[in-house]
Amino acid sequence: SLHCGSFNKETNQIVRYSLAEAAKILKVPRKSLDDYLLMMKHAKALGFKFESHLEDKFGALRTYVKNARNASAGGKKSSSEDNDFTDDGSEDNLSTESVSKNSKKIHK
C-alpha cells in the first residue's frame, strides 16, 4: 500500500506517502482511503482470510468485520445473520448478489 510504503526498484528505497498523497495517486477521497485501511486492519485482527476472497467486493470484508464484532459483543444477532462467514474463511449462503445488494456505493 502506498501509505504504508512501497519499494522503488530504481532507487532501492522504500517510498512512503502521506494519506492525502496516496489518496490523490489512487484517485479516491482521503476519507475513503482511511476507512478502507481501517477496515482492513480490523479484518486482519479478526482473522479474515484475504486470499480466499480476492474476487469479492469490499462489502464482503465489511460484512465479515460487522458479524465478527457482533459475535464478540455477546452474540447479538444482526439482520444479515444468514450471510455469516464460517471460521475457516469460507462463505455460508453468501452470494455475489447479496454482497452487491448490501454494499454501499462510494461516491467521489
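Values in this text are rule-based calculations from the coordinates and carry no lab data. Predicted model only: the values in this text are computed from it and were never measured.
For the reader, a short list of remarks on this structure follows.
- Chain lengthening between N8 and R30 when straightened (0.36 nm per residue, less Cα-Cα): 5.6 nm
- Spatially close Lys pairs in region 4-78, defined by Cα atoms under 24 Å apart and a spacing of eight or more places or different chains, total 27.
- Fraction in percent of alpha-carbon pairs per bin - 5 Å, region 1-56: 4, 18, 19, 20, 20, 14, 4, 0
- At full extension, R16 and M40 could sit 6.8 nm farther apart than now, given 0.36 nm per residue minus the alpha carbon distance.
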